[in-house]
Amino acid sequence: TKELSEYHAAALDSIGSLYYSEESFDDFYIGKGSTYPDLNGCVGVLFEQASSRGHLQETTNGLLSFPFTIRNQLNTSFSTLKGAFDLREDLLKHQSKFYESIEKEQKQDKVKGYIFGDNHDASKTKALASLLAYHEIEAKPLEKNYKGDQQEYQKDKAYTVSCNQQQYRLIKAIFETRTSFKDSLFYDVSSWTLPLAFNIPYEPICKMNFNNSDKEKKVQSQKQAWQNVKNPYAYLIKNEEYYLPLLLNELLKENVMIKVATKPFSYQKDKDDIVFQAGTLMIPMGGQKHKKEIIEKILKQHFEKYDGSIEAIESGLTKEGIDLGSPSFDKLRLPKIALIIGNGVNAYEAGEVWHLLDQRYQMWVTLLEKRYLKDADLSRYNTIILVNGSYGSMPSTKIKTWLQKGGTLITQKSATKWVAGTDFCRITSKTSQEEKKPKRFPYKELDRKHGAQVIGGAIFEGKADLSHPLLYGVYDSKFPLFRNHTHFFNPTKNAYATPIVYTDEPLISGYISKENLGKLKGSAALMVSGQGKGRIIAFADNPNFRAFWYGTNKLFMNAIFFGHLIDKKALE
């Protein structure tokens, strides 16, 4: 990179352009287009071109014209080609050495591979395997049960990844966790461990003795053949699969009545007890707007798109727990969603929500510009989503009135900080205590000291209350959370209104300063509050980060479908 930069410098010198290097951007996060090549035997280079944003723009360096920005791009394109040509032998040697040295590293590595798999959710497991395949990493389905330290991995529901592959270094980068670094300055993400991003159990393996050689075999879905029961009382769907919201939304659009269990129960089938946890969906045959035949036809049509299982039940009387006619089953409503966008709203995070709802779950969502909120008819929506952004100009009185009538407001990051400052929310921001004696530092350390307090992106551990409606379908109380900001929140005074808190030792992987780690310990990660008939569901972080953080998508979708069902006593 250093040798190539001399060619770029010469090209920019020739046209008098001001430039600099090695100051603003680290070369660490492999999600960057300039860093990913480094793990594939290449040399990645990033150019950031000052944008003229029109024909002519005033800058601190004088007038910047659109033609001049084009000339910069053209000249550095030529300098890249010239540098690559002149250094071709060195570049080819570098790539050859990169792959030749892998074999030695593999032999020295005690870790010979990895195993991963979610026994409850085949969709997430397959999605992670597919993502690895995109990067030419081979993952093989497990052919016999394996008892690991984290769990017993079930055959056909887990994958193994051998480190004896050409993509060895990329495999290590994807599965490793790290908490110590040579530098404390991160422009962007400092940890991206993919199994944690998907919230899938995984662990390293020291001996790869699985003998699973079938490359074409896929992890089996949990989908069952449609059961032809003569006179079904109801159908039950466990809340496990990642794509459950897609099925749920399609059925609600067809005016099918669906209820969710708030307590567990069990049935006996073929002498075995089938346990249904809180969060199980029930589709009763009685009380529907449609006849049974129509309900079953709708179910069969949409069940084809779904990867989970469905149970036909012939009686409302259970073996243990609540019966199917119990008031502990709550009726669901079709989400009518407004996503606030526009000036001051983080476009990336709004796009992540839009992508999740539109592309993965095929749900309707209105993109409502913040400037039109004052005149908008909010009664058209039962759910409003606020992502990271500036909301000082929000019509808070109008939002409060909408909430009182039964709306669900979902916020994240700075939007949570905004709502915490309103008069209709019981959530509070965490403020740092003033030091008795202020510290002094040399002025020359200003940028480095300030930069060290940035959380560019790291993975932390939360402790979850699995009985809470926002945690339906989650099976492990330890929860990996992604954070890339410094907003901290107190656990609520109501003992039932903070479903997830950060643990006392929260850092799993990535960089965080000692000061920020102290603030994060025991702080709130997910909070709820009430206003009239409405609910506020506040995420401290972004649960949909860059469309690859699958693990917290379920929390976000639970907020949309189950948030309005949270008991008022847990909101006061």
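The values are calculated or read from the model by the stated rules, or taken from the named source; none is laboratory data. Predicted model only: the values in this text are computed from it and were never measured. Reconstructed Cβ throughout: ideal geometry from the backbone, glycine too, with neighbour counts over all protein chains shown. Accessible surface areas use protein heavy atoms only, side chains included; no ligands, DNA or RNA. Shrake-Rupley method; radii C 1.70, N 1.55, O 1.52, S 1.80 Å.
The table that follows gives values for the structure above.
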{"quantity": "Low-density loop cleavage sites - trypsin sites (Lys or Arg not before Pro) in region 353-408, where at most 15 other Cβ are within 10 Å (DSSP)", "calculated": "K374, K405"}
{"quantity": "Nonlocal amide H pairs with G530, under 5 Å, H built at 1.01 Å", "calculated": "R426, I536"}
{"quantity": "Order of exposure, largest accessible area first, which applies to W354, W402 with probe 1.4 Å", "calculated": "W354, W402"}
{"quantity": "Helix-only CD estimate at 222 nm, as mean residue ellipticity for the chain, using -39500 (n - 2.57) per DSSP H run (n ≥ 4)", "calculated": "-7500 deg cm²/dmol"}
{"quantity": "Distance-filtered residues of region 6-32 - backbone nitrogen under 20 Å, label point 7 angstrom along K82 Cα→Cβ", "calculated": "6-21"}
{"quantity": "Mean Kyte hydropathy of -0.5 or more with a Cα span along the axis of at least 15 Å, helices from DSSP in the chain", "calculated": "66-86, 122-134, 292-303"}
{"quantity": "Percent of Cα-Cα distances greater than 12 Å, calculated over region 471-527", "calculated": "69 percent"}
{"quantity": "Loop-located chymotrypsin sites (Phe, Trp or Tyr not before Pro) in region 515-558, at most 10 other Cβ atoms within 10 Å (DSSP)", "calculated": "none"}
{"quantity": "Backbone N under 16 Å from the D567 label point (7 Å along Cα→Cβ), restricted to region 251-269", "calculated": "261-264"}
{"quantity": "For region 540-572 and region 84-133, distance of Cα centres in Å", "calculated": "34 Å"}
{"quantity": "By accessible area with a 1.4 Å probe, ligands and nucleic acids excluded, highest first: order of S51, S191", "calculated": "S51, S191"}
{"quantity": "Estimated vicinal HN-Hα couplings, Hz - region 373-387 in sequence order (Karplus 6.51, -1.76, 1.60; Gly, Pro = x)", "calculated": "4, 4, 9, 6, 8, 6, 5, 6, 10, 10, 9, 10, 10, 10, 8"}
{"quantity": "3J(HN,Hα) from dihedral phi, region 136-152, Karplus parametrisation 6.51/-1.76/1.60, rounded to Hz, x for glycine, proline", "calculated": "6, 10, 7, 10, 10, x, 6, 9, 8, 4, 9, 8, x, 6, 7, 5, 8"}
{"quantity": "Distance between region 314-363 and region 17-44 - C-alpha centres, whole angstrom", "calculated": "39 Å"}
{"quantity": "Listed residues R440, R178, R333 arranged by accessible area, highest first, probe 1.4 Å", "calculated": "R440, R178, R333"}
{"quantity": "In nm, spacing of pseudo-spin labels at D90 and E369 (7 Å Cα→C-beta vector)", "calculated": "5.2 nm"}
{"quantity": "Cα-only radius of gyration and Dmax that characterise region 310-387, units Å", "calculated": "18.8, 55"}
{"quantity": "Rounded to 5, percent antiparallel among DSSP beta bridges of the chain", "calculated": "75 percent"}
{"quantity": "Globularity index of the chain, i.e. its alpha-carbon radius of gyration over 2.2 N^0.38 Å", "calculated": "1.09"}
{"quantity": "Interchain or long-range residues, amide H under 5 Å from I310's placed H", "calculated": "Q224"}
{"quantity": "Taking the convex hull of Cα positions in region 466-562, its mean projected area over all directions (nm²)", "calculated": "6.8 nm²"}
{"quantity": "Sorted peptide list for 245-253, 407-415, criterion being average Cβ within 10 angstrom, highest first", "calculated": "407-415, 245-253"}
{"quantity": "Rounded to 5, percent antiparallel among DSSP beta bridges of region 382-515", "calculated": "75 percent"}
{"quantity": "Solvent accessible area, Å² - D476, 1.4 Å probe, full protein context", "calculated": "90 Å²"}
{"quantity": "P(r) histogram, all alpha-carbon pairs of region 246-328 included - 5 Å bins from 0, percent", "calculated": "3, 13, 25, 24, 20, 14, 2, 0"}
{"quantity": "Cut-off under 5 Å, modelled amide H: who pairs with L386 long-range", "calculated": "I410, T411, Q412"}
{"quantity": "3J(HN,Hα) from dihedral phi, region 459-470, Karplus parametrisation 6.51/-1.76/1.60, rounded to Hz, x for glycine, proline", "calculated": "10, 10, 9, x, 10, 10, 8, 5, 7, 6, x, 6"}
